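Enquirer: Supplied in structure tokens, the structure appears directly below.
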Amino acid sequence: MNLAKEVFEKLPQPNQSEYTTIIHCYGLNGMGTQAIELYYKMPIEFRDEGIYISVLNACSHSGLVQEARSIFQTIQKKTEKIYSTMIDCLSRASLFEEAQKLIDEYDQDHLPSIVMYTALLSGARKFKNTKLSQNVFDRMEKLFPRMTSVLTSAAVLLANTYASAGDMDKASEIRNKLNKSGQKKQMGITSTVVNGISYEFRAYDRSHPRSKEIYAECEKLSAELLQHGHKYDSSWITRPIDPDETVESVLSTHSEKLAIAWNFVVNPGASSIQLNKNLRICDDCHRATKLIAAIRKCEIIARDANRIHHFTTDGKCSCNDYF
């Protein structure tokens, strides 16, 4: 990101595309304040849908709700994507009533947008709000009955919300219904490049030929985490635990942790690790990765479905735990 900023600042007269790109990058890297500052410095005539989405998204990922409101109010032509980004910002901040009002406002003159409802559902999942999650999902089923793929993802979110709130029976009921329907949820995969070779890991994955070493390293990392005060959060376990499992054994072998462990197996003194996750990183993995970066003095950069997390050796993350 520093290099991208340096290149941008050397441009004599950045064009619209270059402004959009750097503001988008600021947002992905949790640099919302910088994105807003640049937005107000750029030529007004460059402001279009892409710019608005990028700066609102930057606000969303940094928790800058009031700043997002101010920008949103100045936009004369608000498109579906602009509304959706603002609704995402509000939902991430648990401002569900305000988010719902925007959805209702949009629905008055347009066909309903499943993206907006998904943003609201994701926010409800973040705050373990089962009542809102159920209401939003029920409405999605009525409004978008043919969008089976998105509804499947929404059902998984709903099940995870119930699971995180401790209602495993309801979560299992939803998952069983999904299984009977033949719909499959998206599998979480974390990829990492070690010594020039790309590897992929899934939760509880033992397909790697050196999985014994990887799991041994996971146990070592887990012991270090517990020694430094980490407490595994069972609310992020989204399935019933088998008799031979524990909260620690389940959470310590999420795909992110397996990928990190493999890096240390190959390069015990690694000072930098990069990960790519196709889904949002869970809160337990996020807290654990901050600690691992500090304990092992290794910078870890993780790109998930929403943003880029920079875990530094002082035990912090660029997202400031707002994700």
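The values are calculated or read from the model by the stated rules, or taken from the named source; none is laboratory data. The structure presented is a predicted model; accordingly, all values stated were derived computationally and were not measured. Glycine gets a Cβ as well: all are built from the backbone with ideal geometry, and neighbour counts include every protein chain shown.
Enquirer: Does MET86 meet the test of being outside the structural domain of GLY166 (by TED's automatic domain parsing) and either in contact with a helix residue (DSSP H, G or I) (Cβ under 8 Å, 6 or more places away or on another chain) or surrounded by 17 or more Cβ atoms within 10 Å (Cβ to Cβ) (or both)?
Expert: Answer is yes for this residue.
Enquirer: Here is a follow-up. Within region 50-69, identify whether any single residue is out of contact with any Phe, Trp or Tyr (no Cβ under 6 Å at 6 or more places or on another chain), farther than 22 Å from CYS319 by Cβ and assigned to a loop (DSSP other than H, G, I, E, B), and answer yes or no.
Expert: No: zero hits.
Yes or no, residue by residue, for (1) aromatic (Phe, Trp, Tyr); (2) in contact (Cβ under 8 Å) with a residue 12 or more places away in the chain; (3) part of a helix (DSSP H, G or I):
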position	(1), (2), (3)
ASP242	no, no, no
GLU245	no, no, no
GLU248	no, yes, yes
THR253	no, yes, no
LYS257	no, yes, yes
ILE260	no, yes, yes
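Enquirer: Could you check how many residues of region 200-227 are over 19 Å from GLY269 (Cβ atoms) and outside any helix (DSSP H, G or I)?
Expert: Counting residues in region 200-227 that are over 19 Å from GLY269 (Cβ atoms) and outside any helix (DSSP H, G or I) gives 10.
Enquirer: A further question on this structure: All but one of (1) over 25 Å from SER54 (Cβ atoms); (2) in contact with a His (Cβ under 8 Å, 6 or more places away or on another chain) hold for GLU80; state the number of the condition that does not hold.
Expert: Every listed condition holds for GLU80 apart from (1).
Enquirer: Right, something else. Which of (1) at positive phi; (2) at pLDDT below 95; (3) not hydrophobic (A, V, I, L, M, F, W, C) does SER234 not meet, given it meets every other one?
Expert: For SER234, the failing item is (1).
Enquirer: Determine whether region 171-179 contains at least one residue that is assigned to a helix (DSSP H, G or I) and touching a Pro at 6+ places or on another chain (Cβ under 7 Å).
Expert: For region 171-179, residues assigned to a helix (DSSP H, G or I) and touching a Pro at 6+ places or on another chain (Cβ under 7 Å): present.
Enquirer: GLN66 versus (1) free of Cβ contacts under 8 Å to residues at least 24 places away in the same chain; (2) within 22 Å of the chain's Cα centre (by Cα); (3) buried (at least 19 other Cβ atoms within 10 Å of the Cβ): which is the lone unmet condition?
Expert: Condition (3) is where GLN66 drops out.
Enquirer: Can you tell me which residue within region 70-85, out of those that are assigned to a helix (DSSP H, G or I) and in contact (Cβ under 8 Å) with a residue 24 or more places away in the chain, is nearest to MET116 (Cα to Cα)?
Expert: SER84
Enquirer: Could you tell me how many of the residues in region 2-13 are within 23 Å of LEU64 (Cβ to Cβ) and either of a type in the set (Lys, Arg) or in contact (Cβ under 8 Å) with a residue 12 or more places away in the chain (or both)?
Expert: Matching residues across region 2-13 total 3.
Enquirer: Hey, another quick one. Going through region 299-323 one residue at a time, which ones are more than 14 Å from the chain's Cα centre (by Cα), buried (at least 21 other Cβ atoms within 10 Å of the Cβ) and among the small types (Gly, Ala, Ser)? Let's see the steps before the verdict.
Expert: Keep residues of region 299-323 that are more than 14 Å from the chain's Cα centre (by Cα), which gives 299-300, 311-316.
Within this subset, residues satisfying the condition of being buried (at least 21 other Cβ atoms within 10 Å of the Cβ) are 300, 311.
None - no residue of region 299-323 is more than 14 Å from the chain's Cα centre (by Cα), buried (at least 21 other Cβ atoms within 10 Å of the Cβ) and among the small types (Gly, Ala, Ser), so the list stays empty.
Enquirer: A further question follows. On the basis of being in contact with a helix residue (DSSP H, G or I) (Cβ under 7 Å, 6 or more places away or on another chain) and in contact (Cβ under 8 Å) with a residue 60 or more places away in the chain, does ARG92 make the cut? Please lay out each step first, then the result.
Expert: Details: in contact with a helix residue (DSSP H, G or I) (Cβ under 7 Å, 6 or more places away or on another chain): yes; in contact (Cβ under 8 Å) with a residue 60 or more places away in the chain: yes.
When the stated conditions are applied, ARG92 passes them.
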